[in-house]
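Trainee: First the structure, then my questions, so here it is.
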Amino acid sequence: MQKQVIKRYYAPASTGNVSVGFDLLGAAFEPIDGSLLGDVLDILAETPQLSLTISGRYVHQLPADTTENLITQAFYAFEQALGKPLPRLSLHLHKNLPVGSGLGSSACSIVVAFYAFNDYFGRPFTQTQLLTLMAIAEGGVSGSVHYDNVAPSYLGGLQLMLPESPKLCRQLPWFAHWRVVLCYPGTVLSTKAARQVLPQQLSLAHSIAFAGTLSRFISALYSDDEQDAVSALHDLIAEPARLPLIPELLSLRQTLMAEGVAHLGISGAGPTLFAVCQNEALATETADYLQRHYAKNQDALTVVCRLATLGARALED
Ligand SMILES: Nc1ncnc2c1ncn2[C@@H]1O[C@H](COP(=O)(O)OP(=O)(O)OP(=O)(O)O)[C@@H](O)[C@H]1O
Ligand SMILES: N[C@@H](CCO)C(=O)O
C-alpha cells in the first residue's frame, strides 16, 4: 500500500571538480528527458522514534543498518546544531544515485536531508549556515571538507567555491546548449580511497598551471567564449593521480574527441565519466558509445543531461 507523504524533497546529482577546478568547482545536472536524477526524501509522519526506510535502484549499495545512513546522521547533526530536541520523524529515502560513483551520491542524500529538515522545522538556518552543515557532514564521509558536490546539489547550477569568503560559493555562467553525458560504469570507487592517491604537494610551476587553466575557464565563461572554455578543460591535479583507477579514460577520450566531443573527464572522484557535447545529437551518440564501452554491469547508468539550474527543493504532488 502507498504510504501517505506529508512532504517530499529532492536534490540533484552533481559533478565535482568539472576537471579544471579540483575541490573548487561543481555542477548540478538533470536528464534532458525531464526525469529526476537525484535522491528523494519523504517525511511520512511525526513518530515517537526516528525511523528510516529505503527503496530505489541503489538501495543494495547502502549499509543495511539505517542508523549508519547519512539521512539518520543528518537528522541528529541538524538537531545538535539547533541545540534543542526535535520531534522524531518517520522518513523514506528513494536512493536513486549510485554510491561511490562520482555523482555526489553522499552529498545528494546529505543535501536533501538538511534541506528537508530545515524546511519542515520552519527554516531556522540561513542558506550559508545550512551549506556549512552540509559540507561538514560530507567531510565526515570523504575524509576532508569540500563543497563541490554539496553546493551545486543544494543551490543548482555551476558553483565556484570561494575559500575564506563568507559567501562560500558563487554561481557561474554556463553554455545553455551544452549537453553533458554522465556514464557510471557500475563499479564502486570510494571518495576516501580516490583522495588517498592525490599528491600532497604541488610544485610552483604546477600550481601556476592549475590556477591558469581554472582562470582561463572561468574568464571564458564570463566572456561567452565557448572555444576557449572548451580548450581550458584540463585536469592537472586529480586526473594524473587517478588514471590508474580509471585506465580506460585516455582511450575513450581519444575516440570520443575524434568524433567531436569537446571533453571527457572524471566526474568528482570517479568512476563516473562526464562528456561535454556541444549539441544534443552528439550527446546521444556519445551516451550510446559510453554505455557500450564503459558500462560494466547491471548497476551502470548512462544519462544525457543539461545543467540543473534548480538545486534542492520540495516536490509538489
Ligand atoms: N544515503 C546515503 N547515500 C550515500 N552514501 C551513504 C548513505 N548513507 C550512508 N552512506 C555511506 O557513505 C559512503 C559514501 O561514500 P562516498 O563518499 O565514496 O560515495 P559518494 O558520495 O557516492 O561518492 P561521490 O561523491 O564520488 O559520488 C559509503 O560508505 C556509503 O555506504
Ligand atoms: N572534489 C572531490 C569530489 C568528490 O566527489 C574529489 O575529487 O575528491
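Trainee: Placing +1 on the Cβ of each Lys and Arg and -1 on the Cβ of each Asp and Glu in the chain, which of Tyr120, Thr67, Leu24 has its Cα farthest towards the positive end of the resulting dipole?
Mentor: Final value for the positive-end residue is Thr67.
Trainee: Let me ask something else. As an exercise, use a Förster radius of 30 Å and the Cβ-Cβ distance of His206 and Ala258 to find the FRET efficiency, rounded to the nearest 0.05.
Mentor: Numbers: r = 28 Å, r/R0 = 0.94.
Between His206 and Ala258 the formula returns 0.60.
Trainee: Now a separate question. Where the centre of each part is set by its Cα atoms, how far does the range 20-35 sit from the range 139-186, in angstrom?
Mentor: 7 Å
Trainee: Using a 10 Å Cβ count of at most 12 others and DSSP loop calls, identify the longest part of the chain lacking such GluC sites (Glu not before Pro). Before the final figure, lay out the partial values.
Mentor: On the way: sites that count: Glu164, Glu259, Glu316.
Excluding the exposed sites themselves, the longest stretch runs over 1-163.
Trainee: Dipole size in debye (nearest 20) for the chain around its Cα centre, Lys and Arg Cβ +1, Asp and Glu Cβ -1?
Mentor: 560 debye
Trainee: Still on this structure, please answer the following. Quick check: net charge around Phe175, other residues with Cβ under 14 Å of its Cβ, Lys/Arg +1 and Asp/Glu -1?
Mentor: Net charge in that neighbourhood comes out at -3.
Trainee: Students often forget the sequence filter, so: which lysines lie under 30 Å Cα-Cα from Lys296 once same-chain residues fewer than 8 apart are removed?
Mentor: Candidates past the 8-residue exclusion: Lys95, Lys192.
Trainee: Measure off, as a whole percent, the carbon and sulfur share of the 1.4 Å-probe accessible area of the chain, all protein chains present.
Mentor: Values: 7370 of 13660 Å².
Answer for the chain is 54 percent, counting heavy atoms of protein chains only.
The values are calculated or read from the model by the stated rules, or taken from the named source; none is laboratory data. Predicted model only: the values in this text are computed from it and were never measured. So basically every Cβ, Gly included, is an ideal-geometry build from the backbone, and we count neighbours across all protein chains shown. Just so you know, the surface numbers come from the protein's heavy atoms only, side chains and all, with ligands and any DNA or RNA stripped out. Shrake-Rupley method; radii C 1.70, N 1.55, O 1.52, S 1.80 Å.
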